[in-house]
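Below is one structure, written out as structure tokens, with a few remarks after it.
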Amino acid sequence: MDEKTTMENLLMTTKNVCDLYLHGTIEASTANVHQAFDSALSKSLDLQEAIYQKMTQKGWYQQQEAEAEKLMKVKNQYAGIS
């Protein structure tokens, strides 16, 4: 497996872990459990950011700018929701 594929797999796995820790934080029944999940989530988000930055530096994570027309369509769609 090449380095790009490895990094992509790490990023996806880290994103999934962040999702699990977020739900654990939200659903925690005690302050201690909440704090444990919250701390793990914070560390995982930091790791996700580091992986993302490394992939961006190597040109492996390409971003596309959103079209202004599509942004306005979504904004208008949800403008009446409060």
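The values are calculated or read from the model by the stated rules, or taken from the named source; none is laboratory data. Everything numeric in this text was worked out from a predicted model, so none of it was measured. Reconstructed Cβ throughout: ideal geometry from the backbone, glycine too, with neighbour counts over all protein chains shown. For accessibility, only protein heavy atoms count, side chains too; no ligands or nucleic acids. Shrake-Rupley method; radii C 1.70, N 1.55, O 1.52, S 1.80 Å.
Rolling a 1.4 Å sphere over the protein heavy atoms, what is the accessible area per residue of the chain, to the nearest Å²? Walk me through the numbers before you get to the answer.
Values: 6700 Å² over 82 residues.
Per residue, the chain has an accessible area of 82 Å².
Keeping to pairs on different chains or 8 or more places apart, tell me how many lysine pairs in the chain have Cα atoms under 21 Å apart. Present the calculation step by step, with values, prior to reporting the outcome.
Values: Lys4/Lys15; Lys4/Lys54; Lys4/Lys58; Lys15/Lys43; Lys15/Lys54; Lys15/Lys58; Lys43/Lys54.
Taking the chain as the scope, the lysine pair count is 7.
Within the stretch 1-21, what residues put their amide N at less than 20 Å from the label point 7 Å along the Cα-to-Cβ vector of Lys43?
What the label zone holds, given the 20 Å backbone N cut-off, is 10-21.
For the stretch 20-61, count the residues as N, evaluate 2.2 N^0.38 Å, and divide the Cα radius of gyration by that value, please.
Details: Rg = 13.7 Å, N = 42, 2.2 N^0.38 = 9.1 Å.
In units of the globular-protein estimate, the stretch 20-61 measures up at 1.50.
In angstroms, what radius of gyration and Dmax does the chain have, counting Cα atoms only?
17.4, 48
Would you work out which of Leu10, Ser39, Ala68 lies farthest towards the positive end of the dipole of the chain, given +1 charges on the beta-carbon of Lys and Arg and -1 on that of Asp and Glu, about the Cα centre?
Ala68
Roll a 1.4 angstrom probe over the protein heavy atoms and tell me the percent of accessible area of the chain that is carbon or sulfur.
Answer for the chain: carbon and sulfur cover 54 percent of the accessible area.
In debye, nearest 20, what is the charge dipole magnitude of the chain about its Cα centre with +1 on Lys and Arg Cβ and -1 on Asp and Glu Cβ, if you could check? Walk me through the numbers on the way to the answer.
On the way: 8 positive and 11 negative charges, 27 e Å.
Its charge dipole is roughly 120 debye.
How do Glu67, Glu8 stack up against each other in accessible area, from largest to smallest, with a 1.4 angstrom probe?
Most to least solvent-accessible, the answer reads Glu67, Glu8.
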